[in-house]
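*Asks:* Got a structure here, written out as C-alpha cells. Questions coming.
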Amino acid sequence: GQTWSPLQVVARNIAQGREYAVQNSAPVVDTVRGTGRIIVLYNKLEHSEWALAEGTGTSRICCSVSDDNGATWHSETDISAQVHRPGRWRVQRPTLGHAIQLASGRLLFVGVFTEGARSVFQSQNYVFWSDDLGASWTMGQAVPHIGLNEAMAVELENGDVMFNSRAYHD
C-alpha cells in the first residue's frame, strides 16, 4: 500500500447511448492452480434496486479476467444465464467485496436475490461456483431464510464452507 497505480476502469455499462451502474464487484485470485489470474464478477443494471424489485428491468452478472495482476482486463462475459433465474428472481447480484477460492481450486461466490414482489429487505443468499476459473458456472440452493444480504464466505480447516450474512430481520 505504499504506492498506487492510476485509477483504472475495469468495466462499463453503456446501453442505448447512456452510461449505467456497474456495482457489487467481487474479485478472487487463483492461487491454487498457480495462474495468478484475477476473476472479478460485477452487476450491470439500468434500473434501480427498487425498480428491479417491482419487476422493471433485469439484473445481469458479468465476469472479467486479468492475467497480469490487474494491469489489463479482458474477456468480459455475461454469465447471468448460468447464475440467475430471470422472470423469477428480480434483484440479483454477487455480494460485494470478495469471493474465495477453495483448496480444491473451486471459485465460490455468494449471491443475493429477491423473488417476486419482495423488497431488497426480503432478499435471500445463495452460492454459485466455477471449477474452471470462470469458464462455466453452477448454482447451488438458496439459503431458506428471508432477509439476508451482503454475505462473506470462508473455507474452514475441515473443508466446510461457512458464510456470515447481514440479516435485516432478527
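Computed from the coordinates by the stated procedures, all read-outs in this text should not be read as laboratory data. Here the structure is a predicted model, which means the values were calculated and not measured. So basically every Cβ, Gly included, is an ideal-geometry build from the backbone, and we count neighbours across all protein chains shown.
*Asks:* Identify, by number, the condition in (1) within 27 Å of Glu155 (Cα to Cα); (2) touching a Phe, Trp or Tyr at 6+ places or on another chain (Cβ under 9 Å) that Arg37 doesn't meet.
*Replies:* Unmet for Arg37, out of (1) within 27 Å of Glu155 (Cα to Cα); (2) touching a Phe, Trp or Tyr at 6+ places or on another chain (Cβ under 9 Å): (2).
*Asks:* Among the residues of the range 65-94, what is the count of those that are in a strand (DSSP E or B) and crowded, with 21+ Cβ neighbours inside 10 Å?
*Replies:* Looking only at that region, the number is 6.
*Asks:* Still on this structure, please answer the following. State the number of residues belonging to the range 45-74 that are of a type in the set (S, T, N, Q) and under 16 Å from Val9 (Cβ atoms).
*Replies:* 3
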